[in-house]
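Have a look at the structure below before the remarks.
The values are calculated or read from the model by the stated rules, or taken from the named source; none is laboratory data. Only a predicted model underlies this, so the values are computations on that prediction, with no experimental measurement involved. For neighbour counting, all protein chains shown are included, and Cβ atoms are generated from backbone atoms with ideal geometry for every residue, glycine included.
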Amino acid sequence: MVFIVRGFRQSIPDSEYFDPWESQNWDFHRRIAGWYRELPVHLTTKEVSTRMRNFNKLYGDLFNSEEINSSFSRVGSEKSIIDAAVVGSKFLVEWRDISRAIQLIDDGDGQVLLDAEVQEAMPFFSYKSSQVSNSLISLKLQQYTTVDFVKRLKTSSNRTMALRPTSLAGWVWALICRDVVENITYTKCSGFEICGRELPNLTPSGKMILHCSGTCQKRASRKKASSNL
Ligand SMILES: [Zn+2]
């Protein structure tokens, strides 16, 4: 079993938080894959930064922002165009890796993401040469999560090992890991045409859900009521 620690949230610019647990963003990784697929083939640096800014406004930074700042703006001045491009490409490369991982999972080949040996067959992921002996998922988890020990039940004295995301990218890769290890499958929410959300057969909190949100639940029950008239 893969457990994810509750309580991770990403701060967003206007001093609020994006809390993927609270907002039940169990399909966040799959939506990023969808957004990546919809991108035009060629993007200018400016277009990349616009996408990144729009994303950050809603969900906060994909990475631990300190991690990026320490390497790119130590001098304390505004980021140069080149630095901004580096940050932008890091963002885009991560989107691409997420999208390719989801594609493999959807094609029924998700297990290769846990397999270190097949790495050479997948040169399209952003491996660093110093990390060659790990599977893609273990690399991503090393990069964006840490391990914690949690009580699954308040009354229990036993602790279980769980992944703690250290950034939004960690939340995404923890979900991908869970999908592969536990064969999580997704179906469209009843309001998919409007909300665009998918529902896992089992959420990280161990629940089965029928709608992505209260809004879709209400819409579905209204629809049902009107069809019964
Ligand atoms: Zn919905």
- Could you check how many residues of the range 163-202 are buried (at least 16 other Cβ atoms within 10 Å of the Cβ) and within 16 Å of the ligand (Cβ to nearest atom)? 9
- Message: Based on this model, can you work out whether residue 220 counts as within 16 Å of the ligand (Cβ to nearest atom), part of a helix (DSSP H, G or I) and not assigned by TED's automatic domain parsing to the domain that holds residue 23?
- Response: yes
- Selection count where residues are farther than 22 Å from residue 144 by Cα and modelled with pLDDT of 90 or more, scope the range 23-53: 2
- Query: Which condition number does residue 191 fail, the rest of (1) out of contact with any Phe, Trp or Tyr (no Cβ under 7 Å at 6 or more places or on another chain); (2) in the same structural domain as residue 105 (by TED's automatic domain parsing) being met?
  - Reply: (2)
- Query: Quick one: in the range 91-136, which of the residues that are of a type outside the set (A, V, I, L, M) and within 15 Å of the chain's Cα centre (by Cα) is modelled with the lowest pLDDT?
  - Reply: 91
- For the range 203-217, what are the residues that are polar (S, T, N, Q) and either touching a strand residue (DSSP E or B) at 6+ places or on another chain (Cβ under 8 Å) or within 16 Å of the ligand (Cβ to nearest atom) (or both)? 203, 213, 215, 217
